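Visitor: Dumping the structure here so I can ask a few things about it.
The values are calculated or read from the model by the stated rules, or taken from the named source; none is laboratory data. Since we're looking at a predicted model, the values are computed, not measured. Every residue, glycine as well, gets a Cβ built from its backbone with ideal geometry; the counts of neighbours run over all protein chains shown.
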Amino acid sequence: MSGPGRRDVFRIRGFFAYWASYTVSGFGTYVTTLALQVLVLVSLHGTAADIGLLNAARWLPYLVLGVVVGALVDRRRRRPVLIGSDLGRAVLLALIPLFFVLGVLNIPVLLAIVCALGLLSLFGDAASQSLVPRIVPRSALLAAHARTDQSDAVAQTSGPLVAGALVSLVGAASAIVVDAVSYLFSAVAIWRVRVDEPPAAATPARSLRREIAEGLRWVYRHPVLGPMAIGSHGWFFFNSILGTVFVPFALLALDLSAFQLGIALAGAGVAGLIGSSVSIRVGRRWGAGVAVVASNLLMVVGWGLIAIVPGDAATWLVVTILTVGQGFYGLGLGLSNANEMGYRQAVTPDELQARTNTTMRSANRAMIVVGAPIGGLAATVIGYRPTLWIAIAGIVAVTVFLALSPFGRARHASDDVVG
């Protein structure tokens, strides 16, 4: 129940359409994430190292062009940029099943398509994350992100299950059509958002380099955002290793089917819904910093369970342990994201939103570009379980750093909007 003077974030004009866009495209993304990995490992006969290259290709544009795109988006209205990126992603995703049917799809071609998809996602993410503070007031950002996290958790639950079933029925390449359609829907939904977007002030004499530097200074010289950014970069590096190793570990080492893998991954979505549902309460009571630190510890527990799963146990027991492990991981994600994003956007001026978002996001994705191939190579050389334990130890180190930094004491501003 909302208290006096408090209102539901869905009553804010434009937020429901944005939420619908985010939710549907997010569902499609989870379908594609699983389908692409099965496509590489099964249909194209790839290895864990190829999965690492696939993950790196998706985020390579963030490493190369991230801060530039952030500065460019800050100069433009964000809604048209998001619509254009959604339409472009729909076209690129449709090429994958088309090329597969024509017999011209191989791993290098797939990596090129995924890299181009990552470039459009870079523009789309910069515009999307920076559009939210123009739709909702700053005091409602925590509630808004909690709502999108809840829908993301539902998509994370149903997406892998649907993907596993679709892959079994129609094949991995054809399952990706779902994501292409989801981006068409997203473009229409964002087109229906009515939000005042004043054009950026015309500053032709101001160099792009200076604007990029301004965004970098804001993030890394800020007493709280700086340590938060560094901790986030470390988390993404080690998490990319875990994410790269998990799918081939399940499919190849534990001999699970795509549907059984989907069940395990769905555990993260179910628990993520719980985490996002209580993220506002936890963030208000404990503070953004403590919430994120506690979330990381939950993820450590989850990945630890996955690393000790017995390979010779009954299949139902293996799937159960993996599902519970993914559940702890999802619970941590659900608790952390709204608190981290809500705090970051609330303390950042509007004119720096895109640069702040893409500066941090680009560095985070750069960690994936580096960590994912390392994870795939390490799994091939030293084995799946040792690689998992190395990455788990890294998450623990990052968590200790965040707990001892000023971000560990970060708290949210007052809020008059409920989730």
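Visitor: Can you work out which of the residues in the range 395-416 that are part of a helix (DSSP H, G or I) and surrounded by fewer than 18 Cβ atoms within 10 Å (Cβ to Cβ) is modelled with the lowest pLDDT?
Guide: That would be 409.
Visitor: Could you please give the count of residues in the range 119-132 that are surrounded by fewer than 24 Cβ atoms within 10 Å (Cβ to Cβ) and in contact with a Gly (Cβ under 6 Å, 6 or more places away or on another chain)?
Guide: Number of matching residues: 1.
Visitor: Can you name the residue in the range 133-146 that is surrounded by fewer than 24 Cβ atoms within 10 Å (Cβ to Cβ) and either charged (D, E, K, R) or under 18 Å from the mean Cα position of the chain (by Cα) (or both) and, of all such residues, is farthest from residue 177 (Cα to Cα)?
Guide: For the range 133-146, the residue satisfying everything is 138.
Visitor: Separate question: Output the number of the condition that residue 89 fails; it satisfies all remaining conditions of (1) closer than 19 Å to residue 32 by Cβ; (2) among the basic types (Lys, Arg); (3) not in a helix (DSSP H, G or I).
Guide: Status for residue 89: all satisfied but (3).
Visitor: Return the pair list, or none, for Cβ contacts closer than 6 Å from residues in the range 35-58 that are touching a residue at least 40 places away in the same chain (Cβ under 8 Å) to residues that are charged (D, E, K, R), at least 6 apart or on different chains.
Guide: Here the result reads 40/50, each pair linking the range 35-58 to a residue that is charged (D, E, K, R).
Visitor: Which of the following residues is in contact with a Gly (Cβ under 9 Å, 6 or more places away or on another chain), under 30 Å from residue 196 (Cβ atoms), among the small types (Gly, Ala, Ser) and part of a helix (DSSP H, G or I): 57, 71, 116, 20?
Guide: That would be 71, the only listed residue that is in contact with a Gly (Cβ under 9 Å, 6 or more places away or on another chain), under 30 Å from residue 196 (Cβ atoms), among the small types (Gly, Ala, Ser) and part of a helix (DSSP H, G or I).
Visitor: Let me ask you something else. Would the range 250-258 turn up any residue that is assigned to a helix (DSSP H, G or I), modelled with pLDDT under 85 and farther than 14 Å from residue 306 by Cα?
Guide: Yes: one or more hits.
Visitor: Can you give me the number of residues within the range 45-77 that are acidic (Asp, Glu) and either surrounded by fewer than 20 Cβ atoms within 10 Å (Cβ to Cβ) or at pLDDT 85 or above (or both)?
Guide: 1
Visitor: Go through (1) assigned to a helix (DSSP H, G or I); (2) surrounded by 19 or more Cβ atoms within 10 Å (Cβ to Cβ) for residue 285 and report which single condition fails.
Guide: (2)
Residue by residue, here is whether (1) surrounded by fewer than 24 Cβ atoms within 10 Å (Cβ to Cβ); (2) at pLDDT below 90; (3) out of contact with any helix residue (DSSP H, G or I) (no Cβ under 7 Å at 6 or more places or on another chain) holds:
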| site | (1), (2), (3) |
| --- | --- |
| 234 | yes, no, no |
| 240 | no, no, no |
| 271 | no, yes, no |
| 304 | yes, no, no |
| 325 | no, no, no |
| 334 | no, yes, no |
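Visitor: Hey, another quick one. Which residue pairs have Cβ atoms closer than 9 Å, lie 6 or more positions apart in sequence or on different chains, and pair a first residue in the range 14-30 that is touching a residue at least 12 places away in the same chain (Cβ under 8 Å) and closer than 11 Å to residue 86 by Cβ with a second residue that is surrounded by fewer than 21 Cβ atoms within 10 Å (Cβ to Cβ) and aromatic (Phe, Trp, Tyr)?
Guide: Matching pairs, first to second residue: 21/185; 24/185; 25/185; 28/185.
Visitor: Can you tell me which of 346, 366 is closer than 18 Å to residue 239 by Cβ, of a type outside the set (S, T, N, Q) and surrounded by fewer than 24 Cβ atoms within 10 Å (Cβ to Cβ)?
Guide: Exactly one of 346, 366 is closer than 18 Å to residue 239 by Cβ, of a type outside the set (S, T, N, Q) and surrounded by fewer than 24 Cβ atoms within 10 Å (Cβ to Cβ), namely 366.
Visitor: What is the one condition in (1) modelled with pLDDT of 80 or more; (2) of a type outside the set (Phe, Trp, Tyr); (3) surrounded by fewer than 24 Cβ atoms within 10 Å (Cβ to Cβ) that residue 379 does not satisfy?
Guide: Failed condition: (3).
Visitor: Take the residues in the range 216-232 that are outside any helix (DSSP H, G or I) and touching a helix residue (DSSP H, G or I) at 6+ places or on another chain (Cβ under 7 Å); name whichever of them is farthest from residue 52 (Cα to Cα).
Guide: Only one residue tops the list, namely 223.
Visitor: Further question on the same structure: Go through the range 37-54 residue by residue and tally those that are within 22 Å of residue 238 (Cβ to Cβ) and out of contact with any Gly (no Cβ under 6 Å at 6 or more places or on another chain).
Guide: 5
Visitor: Filter the range 1-44 down to the residues that are farther than 14 Å from residue 140 by Cα and at pLDDT below 80, then identify the one that is nearest to the chain's Cα centre (by Cα).
Guide: That would be 1.
Visitor: Do the conditions hold for residue 213, that is, is it part of a helix (DSSP H, G or I), crowded, with 24+ Cβ neighbours inside 10 Å, of a type in the set (Gly, Ala, Ser) and at pLDDT below 90?
Guide: No: the conditions fail for residue 213.
Visitor: Tell me whether the range 282-295 contains one or more residues that are of a type in the set (S, T, N, Q), modelled with pLDDT of 90 or more and under 13 Å from residue 332 (Cα atoms).
Guide: Yes, the conditions are met somewhere in the range 282-295.
Visitor: Determine, yes or no, whether residue 352 is touching a residue at least 60 places away in the same chain (Cβ under 8 Å), surrounded by 17 or more Cβ atoms within 10 Å (Cβ to Cβ) and under 24 Å from residue 67 (Cα atoms).
Guide: Yes.
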